[in-house]
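Below is one structure, written out as structure tokens; comments come after it.
The values are calculated or read from the model by the stated rules, or taken from the named source; none is laboratory data. All figures in this text were calculated on a predicted structure; none of them were measured in a lab. Here the Cβ is made from the backbone with ideal geometry for all residues, glycine too, and neighbour counts use every protein chain on show.
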Amino acid sequence: MRFDIVTIFPGLFDSIFAHGVVKRAIAGGLVDIRTHDLRSFTHDRHRTVDDRPFGGGEGMVLKPGPLAEAIEALAVAPKGLRRPGRETVILLSAQGARFTQPAARQLATLDRVVLLCGRYEGVDERVNEQRQADWFTPIADVAIKAYLADPKADRDTVKRLSAAWVTRADIVTKTAERDKLQQASSALSSSTEETRRNLRAIEKNKTAEPLRQKLTARLAEAATKLDDYNRKIVELDSKLSELTVQFKESIRDVKVILPSPAA
């Protein structure tokens, strides 16, 4: 049995797996436990894994992008295409069901369990609803496109999925645009803080007036850009909320059943 644990604190598990029953199970080849650093699936220099909640709210939540890439890198099939009774992906959350002995027995029958460790105020709602894992990975894209191209596929399902995939493409594009704006905003904020520190450093230096004016102008320009970035991010968040509702309605109760091969 294999366990994959996606976390921002992979080293935290070392001592847990080095003692007791778990250690003996690993040594005996009964289980294979692997930890994966969520920050390895980020693409900015700060290895950012958190962001403001999708749709608004207080605090910070884990971003959907790194989690989606982690699931993809682990080669986990989307929920609707996973092998029944063989593998599962579990998002650990205080909002989830209580872990009980019957649940443990059920998991013990599986070949593979992927655990996504929550953090901060939780995770982005797009992950919490399991849409990233189920519908927004390249694996899902290939599978659904193959289904839509199959002449034996259910016509009603094809019609609904075709409409949903147009919305999906718009969501993917706008999410990438929002992430790009967020990264630019974060980079500009860091640069602005450095400019403020430089201004404070020359505050009492009367001979540095030209530099002070230059830095002040730079701050004003950065403030205008940050306002523009934030305005666009808010607009994209609103549009993404609308598109997400539309997409969920399009795929509500849709079950992708692969057509049986010809005899």
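Being β-branched (Val, Ile, Thr) and in contact with a helix residue (DSSP H, G or I) (Cβ under 6 Å, 6 or more places away or on another chain) is the filter here; which residues of the stretch 200-239 pass it?
Ile202, Ile233
Within the option set Ala187, Ala153, Ala169, being loosely packed, with under 15 Cβ neighbours inside 10 Å and more than 30 Å from Lys214 (Cα to Cα) holds for one residue only, Ala169. Pairing residues of the stretch 219-243 that are under 19 Å from Pro64 (Cα atoms) with residues that are among the polar types (S, T, N, Q), at Cβ distances under 6 Å and at least 6 apart in sequence or on separate chains, gives Leu243/Thr167. Taking first residues from the stretch 14-29 that are within 15 Å of Arg2 (Cβ to Cβ) and partners that are β-branched (Val, Ile, Thr), the Cβ contacts under 7 Å between residues at least 6 apart in sequence or on separate chains come to Phe17/Ile26; Phe17/Ile33; Val22/Ile16; Ala25/Val31; Ile26/Ile33.
Would you confirm whether any residue within the stretch 115-126 is closer than 26 Å to Pro10 by Cβ, at pLDDT below 60, surrounded by 18 or more Cβ atoms within 10 Å (Cβ to Cβ) and not assigned by TED's automatic domain parsing to the domain that holds Glu235? Within the stretch 115-126, one or more residues are closer than 26 Å to Pro10 by Cβ, at pLDDT below 60, surrounded by 18 or more Cβ atoms within 10 Å (Cβ to Cβ) and not assigned by TED's automatic domain parsing to the domain that holds Glu235. Restricting the stretch 92-114 to residues that are under 21 Å from Leu74 (Cβ atoms) and at pLDDT 80 or above, the residue that is surrounded by the most Cβ atoms within 10 Å (Cβ to Cβ) is Val114.
Please work out if Arg178 is surrounded by 17 or more Cβ atoms within 10 Å (Cβ to Cβ) and modelled with pLDDT of 80 or more.
Yes, satisfied.
Restricting attention to the stretch 24-61, the residues being of a type in the set (Ser, Thr, Tyr) and either out of contact with any Pro (no Cβ under 6 Å at 6 or more places or on another chain) or modelled with pLDDT under 75 (or both) number 2. Scanning the stretch 208-239 for residues that are among the small types (Gly, Ala, Ser) and surrounded by 12 or more Cβ atoms within 10 Å (Cβ to Cβ) gives Ala208, Ala222, Ala223, Ser238.
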